[in-house]
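J.: The following block contains the structure, expressed as structure tokens.
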Amino acid sequence: MSGDTTQEITNTPTPADVTMDTIVSLCKRRGFVFPSAEIYGGFGSTYDYGPLGVELLRNVRNLWWKSMVQLRDDVVGLEASILGPEKVYVASGHVANFSDPLVDCKSCKRRWRLDHLEEGHYEAEYGPTKRNPKGEIICPACGGELSEPRKFNLMFKTRVGVTEDSSSVAYLRPETAQGMFINYANVQTSTSRKLPFGIAQIGKSFRNEITPGNFVFRTREFEQMEMEFFVKPGTDDEWHDYWVKERYNWYLNLGITPDRLRLRPHAKDELSFYSKATSDVEYLFPWGWGELEGIANRTNYDLSQHAEHSGKDLSYFDEENKERIVPFVIEPAAGVTRTALTFLIDAYHEEVVNNEKRVVLRFHKDIAPVKIAVLPLSKKEALSSLSKEIARKLRPRWMTMYDETQAIGKRYRRQDEIGTPYCITVDFDSLEDNAVTIRERDSMTQVRVPIDDLVRVMSEKLDG
Ligand code: ATP
């Protein structure tokens with residue numbers, strides 16, 4: 001561990017050469033993401049994930065879990081409830097502080113986040129932030145006067161219980177983190193953990209965002225992958241640096257274009273009230289840089305608050321120094337849905353092959369929703385039965401698709417467009433030589449492989 005990640009990492013950026021309209025239409029057409037409740041006219045900024053979308057999300061979750069939990073001996077998992085009692089969110093500070101500054105346009109009634117207006121977030125759509133002669137920010141859409149900012153709490157509030165009298169206020173969690181803090185003592189004692197150790201969780205969170213948008217980048221219902229890493233006070237800066245590096249490299253190792261990725265430490269006045277230091281991993285989206293993940297040093301704020309409000313002792317006995325301490329917490333907090341969108345955008349390529357446009361999603365093999373497509377050259381019974389048998393052999397190991405419709409060239413393009421790394425073509429020679437052709441997505445090169453060797457060869461290509 002070394003303490004040098006407070007430095008910004010920015011490479012010369014080359015933005016993805018794709019518009020969001022192209023991504024949205026590809027997602028709908030091929031079954032990655034659908035607008036929610038579409039047959040009823042849609043339900044603002046909510047989305048449903050189709051057959052390919054669920055595979056993509058599962059891959060993102062599984063890869064995060066593997067690197068954060070399975071491959072480590074100092075992090076364990078948790079799945080806490082989504083509904084939480086008011087007390088938890090009073091203690092955490094969310095009831096008082098989890099709000100954004102909301103301004104309304106007095107003319108067109110549109111609502112904006114003042115901080116986003118100040119930071120120029122709406123520039124791609126509306127141009128640079130506009131001001132009136134008094135220097136006040138005006139509505140980007142119509143130029144109207146804006147109201148005074150007011151605090152708008154982002155939590156979804158509900159009631160739990162059958163009658164009005166006996167019911168009590170509850171909240172849908174706005175982050176998964178609090179589940180880890182209120183279970184800190186349960187996990188620590190049941191697993192006899194010594195510091196440092198972490199608790200990881202993946203799950204849905206809910207925020208009544210003032211301006212959701214940019215497709216699934218910012219939605220009101222979304223999924224997070226968070227890990228709370230409990231450390232001894234005094235070692236927190238080093239661990240913060242360690243996790244910033246780990247998380248930045250996770251995206252690079254999964255093939256994100258390096259010059260579209262940067263690390264941005266928060267300025268002092270930008271830090272959340274509980275944070276001592278935060279660095280964001282940011283990606284250069286088609287509309288500009290946006291946060292993928294925040295890695296925060298949350299100090300001992302959360303455990304101290306819950307100890308005080310619950311009356312339970314959440315301190316830790318440090319054997320080394322024979323003293324009770326309240327651990328500090330380093331938190332890498334990422335979005336599953338936002339990460340999936342990033343992989344989609346980053347993978348998108350268009351090129352011309354034989355005078356025709358080829359759209360190809362160059363997903364890293366571990367991210368690709370479908371790993372292998374088995375394609376018989378013709379629908380003839382002899383070929384289709386052999387192809388189905390091959391697909392059956394591959395399915396237990398890898399997500400495999402079988403497709404016998406249309407010309408082979410079209411089927412290759414359909415697989416390229418969803419990012420399938422390998423197509424296996426079964427032709428009439430296969431019936432004689434017991435071999436098939438493996439075609440690689442990016443180079444489009446083809447190799448002939450005996451059917452008996454197929455599982456081993458695919459394992460070399462996909463499992464490494
Ligand atoms: P932003 O500044 O974009 O609102 P944040 O700093 O409030 O994000 P965190 O509270 O740090 O976000 O949440 C951690 C991660 O959860 C974010 O980096 C992002 O990937 C994801 N996330 C947060 N809010 C949303 C949302 N409304 N929709 C989708 N993902 C989200």
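The values are calculated or read from the model by the stated rules, or taken from the named source; none is laboratory data. For clarity, every value in this text was computed on a predicted model and none was experimentally measured. Cβ atoms come from the backbone with ideal geometry, glycine included; neighbour counts cover every protein chain shown.
J.: Does LEU375 count as over 36 Å from the mean Cα position of the chain (by Cα) and either part of a strand (DSSP E or B) or on the phi < 0 side of the Ramachandran plot (or both)?
T.: In short, no.
J.: Next question, about the same structure. Got a number for residues in the stretch 324-364 being among the aliphatic types (A, V, I, L, M), in the same structural domain as ASP302 (by TED's automatic domain parsing) and in a strand (DSSP E or B)?
T.: Residues meeting the conditions: 5.
J.: Suppose we keep only residues that are acidic (Asp, Glu) and away from the ligand (no atom under 13 Å from the Cβ) within the stretch 249-288. Which one would you say is farthest from GLY234 (Cα to Cα)?
T.: Among those that are acidic (Asp, Glu) and away from the ligand (no atom under 13 Å from the Cβ), it is ASP259.
J.: While we're on this one: Touching an Asp or Glu at 6+ places or on another chain (Cβ under 6 Å), crowded, with 16+ Cβ neighbours inside 10 Å, among the hydrophobic types (A, V, I, L, M, F, W, C) and assigned by TED's automatic domain parsing to the domain that holds VAL447: is that true of LEU383 in this structure?
T.: No, not satisfied.
J.: Out of the residues in the stretch 193-219 that are assigned to a strand (DSSP E or B) and within 19 Å of VAL60 (Cα to Cα), which is farthest from the ligand (Cβ to nearest atom)?
T.: Filtering the stretch 193-219 for residues that are assigned to a strand (DSSP E or B) and within 19 Å of VAL60 (Cα to Cα), the one farthest from the ligand (Cβ to nearest atom) comes out as ILE199.
J.: Do we find a residue being in contact (Cβ under 8 Å) with a residue 60 or more places away in the chain, under 16 Å from ARG30 (Cα atoms) and not acidic (Asp, Glu) anywhere in the stretch 405-417?
T.: For the stretch 405-417, residues in contact (Cβ under 8 Å) with a residue 60 or more places away in the chain, under 16 Å from ARG30 (Cα atoms) and not acidic (Asp, Glu): absent.
J.: Right, something else. Of all the strands (runs of 3 or more DSSP E) wholly in the stretch 412-464, which have at least 2 residues that are out of contact with any helix residue (DSSP H, G or I) (no Cβ under 6 Å at 6 or more places or on another chain) and modelled with pLDDT under 95?
T.: Here the list is empty.
J.: A follow-up question, please. Checking LYS357 against (1) on the phi < 0 side of the Ramachandran plot; (2) modelled with pLDDT of 95 or more: exactly one of these is not met. Which one?
T.: Result: LYS357 fails condition (2) only.
J.: Would you be able to say whether some residue in the stretch 230-245 is within 15 Å of the ligand (Cβ to nearest atom) and among the acidic types (Asp, Glu)?
T.: Taking every residue of the stretch 230-245 in turn, none turns out to be within 15 Å of the ligand (Cβ to nearest atom) and among the acidic types (Asp, Glu).
J.: Please go through the stretch 378-408 and give me each residue that is part of a helix (DSSP H, G or I), more than 27 Å from GLY255 (Cα to Cα) and not β-branched (Val, Ile, Thr), ordered by number.
T.: Scanning the stretch 378-408 gives GLU381, ALA382, LEU383, SER384, SER385, LEU386, SER387, LYS388, GLU389, ALA391, ARG392, LYS393.
J.: Tell me yes or no: at least one residue of the stretch 330-347 is at pLDDT below 95, more than 14 Å from the ligand (Cβ to nearest atom) and either buried (at least 23 other Cβ atoms within 10 Å of the Cβ) or more than 17 Å from PHE229 (Cβ to Cβ) (or both).
T.: No: zero hits.
J.: Is it true that GLU291 is within 11 Å of the ligand (Cβ to nearest atom), farther than 18 Å from MET180 by Cα, surrounded by fewer than 19 Cβ atoms within 10 Å (Cβ to Cβ) and of a type in the set (D, E, K, R)?
T.: yes
J.: Can I ask one more? If I go through the stretch 246-262 residue by residue, how many of them are over 14 Å from ALA334 (Cα atoms) and either over 20 Å from the mean Cα position of the chain (by Cα) or in contact (Cβ under 8 Å) with a residue 60 or more places away in the chain (or both)?
T.: 9
J.: Scan the stretch 170-192 for residues that are of a type outside the set (A, V, I, L, M, F, W, C), assigned to a strand (DSSP E or B) and more than 16 Å from the ligand (Cβ to nearest atom) and report the count.
T.: The number of residues fulfilling the criteria is 0.
J.: So which residues in the stretch 294-318 are more than 16 Å from the ligand (Cβ to nearest atom) and aliphatic (A, V, I, L, M)?
T.: LEU303, ALA307, LEU314
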